[in-house]
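The structure appears below as structure tokens.
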Amino acid sequence: MKRYFVLLLLLNSGPCLAVPVVPNFGSGASQSRTETRNQTKEIIQSYSYNTGYTWNQSGTNIQVIGGGTVTPKTINGTTNTVNGITSKWKTIDLNNKPQYEQVIPGAGTQYSESLIGPGLAEYVHIDRTIDTHSITDTSSVFSQ
């Protein structure tokens, strides 16, 4: 019986009315901050090889003995493999390079020769860490 009474009260009640909610503020502000940190580690290795030779010679008041050639003969050097790349080096035969003599004995004479042979010419190793830090501050002001 009590159940029917509560049900009867609910069915007999009048309409429900709501009061509208109206914001009651004049102004406001909002602030936010975002920080980002990043660390990058780099390792760079670079190898430069001469797979041949560089031969330079120069002079004044000189000539090749017997009128032969000024270019030395080449010989096969070593075969080398680095990081899967194989190269066969050539160089000059230092035991059979041209011989020179003065053209005018006693006159000013100069002679120079240089040989840069095959092999590792340069190795660069860079190991660095780059740290970046970024800060973004945002402010918003609003009013009604």
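The values are calculated or read from the model by the stated rules, or taken from the named source; none is laboratory data. Computed from a predicted model, the values in this text were never measured in an experiment. A quick note on method: Cβ atoms are made from the backbone with ideal geometry, for glycine too, and the neighbour counts reach across all protein chains shown.
Condition first: more than 30 Å from Ala29 (Cβ to Cβ) and touching a Leu at 6+ places or on another chain (Cβ under 7 Å). Can you find one or more residues in the stretch 59-77 that meet it? Looking through the stretch 59-77, none of the residues is more than 30 Å from Ala29 (Cβ to Cβ) and touching a Leu at 6+ places or on another chain (Cβ under 7 Å).
Here is the figure for the stretch 45-99: residues that are free of Cβ contacts under 8 Å to residues at least 40 places away in the same chain, of a type in the set (A, V, I, L, M, F, W, C) and either within 18 Å of Ile116 (Cα to Cα) or in contact with a helix residue (DSSP H, G or I) (Cβ under 6 Å, 6 or more places away or on another chain) (or both) total 5. Within the stretch 90-97, the presence of a residue that is within 30 Å of Ser140 (Cβ to Cβ) and either at pLDDT 85 or above or in a loop (DSSP other than H, G, I, E, B) (or both) is excluded.
In the stretch 107-125, which residue that is over 24 Å from Asn80 (Cβ atoms) and outside any loop (DSSP other than H, G, I, E, B) is nearest to the chain's Cα centre (by Cα)?
Residues of the stretch 107-125 over 24 Å from Asn80 (Cβ atoms): 107-113.
Pick out the ones that are also outside any loop (DSSP other than H, G, I, E, B) and you get 110-113.
Details: Gln110: 46, Tyr111: 43, Ser112: 40, Glu113: 37 Å.
The qualifying residue nearest to the chain's Cα centre (by Cα) is Glu113.
Residues that are surrounded by fewer than 10 Cβ atoms within 10 Å (Cβ to Cβ), within 30 Å of Thr36 (Cβ to Cβ) and hydroxyl-bearing (Ser, Thr, Tyr) do occur in the stretch 111-133.
Test of understanding: among Gln99, Gln39, which residue is surrounded by fewer than 10 Cβ atoms within 10 Å (Cβ to Cβ) and touching a Gly at 6+ places or on another chain (Cβ under 9 Å)?
Going through Gln99, Gln39 in turn, the sole match is Gln99.
Is it the case that Gly108 is on the phi > 0 side of the Ramachandran plot and surrounded by fewer than 11 Cβ atoms within 10 Å (Cβ to Cβ)?
No; evaluated as a whole, the condition is false for this residue.
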